[in-house]
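Down below is the structure, laid out as structure tokens.
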Amino acid sequence: MVFIVALGLFAIVKIAGAAAIAIAVILGIVVSLGLCAAGLLVVLSVQISYFGCVVEKMPFITAFSRGISRVFVGAALRRSLLAGLAYVAILIGISLVSVVGVSLLFGLLKSNVAGTIYETIVRVATAAFTTAFLTIFYFDLRVRSEGLDLQVAAGGEALPSS
């Protein structure tokens, strides 16, 4: 009888240990995804704040606080997460293209000059594309949350004139 109780207790401890490990792994994945999403939104806030500095001529701290409110508040949060995922996918795709191209040029042609030229062209194209992507995202946030298009149509000072 004692043997059966001890065996049952041992089985409960083993099952509880395995369940605890499974729960810890699931919680770890959820927390990691949450931290990645928060980091991605902070990166988007910084990128949006650059536009606030340039387009709206605000100081960086003001532009950053507005960028955070534009990215994190309300329905913009879902759009920001989708835009952030698209931004990461773009960067991953461009990185793969760059790595494969440079590897081929360095490996097959054994030419450092050709590899450097290719990498420079890819970086310039990446900068242009990501800037255009983030510009569209910035104006999308402004139009949907602040009614920028209506302000411009009404003739109000939505953007400071140079």
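Since every read-out is calculated from the coordinates, none of them should be taken as a lab result. Because the structure is a prediction, the values reported are computed rather than measured. Cβ coordinates were reconstructed from backbone atoms using ideal geometry, including for glycine residues, and neighbour counts include every protein chain displayed.
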| task | Determine the dipole magnitude for the stretch 1-144: charges of +1 sit on the beta-carbon of Lys and Arg, -1 on that of Asp and Glu, nothing else is charged, the reference point is the Cα centre, and the result goes in debye to the nearest 20. | result | 240
| In the chain, with Lys and Arg counted as +1 and Asp and Glu as -1 at Cβ, which of these residues, Thr62, Ile4, Phe72, has the Cα nearest the positive end of the dipole, that is, farthest along it? | Ile4
| query | Which of the helices in the chain, when you take each full DSSP H run, stretch at least 20 Å along the axis at their Cα atoms and have an average Kyte-Doolittle score of -0.5 or higher? | reply | 2-55, 76-104, 112-146
| query | In terms of modelled amide H atoms, which long-range or inter-chain residues lie less than 5 Å from the amide H of Met58? | reply | Cys53
| Based solely on its DSSP helices, what 222 nm [θ] is calculated for the chain when runs of n ≥ 4 H residues each add -39,500 (n - 2.57) and the sum is averaged over all residues, nearest 500 deg cm²/dmol? | -30500 deg cm²/dmol
| field | Pairs of Cα atoms farther than 18 Å apart, the stretch 1-124, % | value | 72
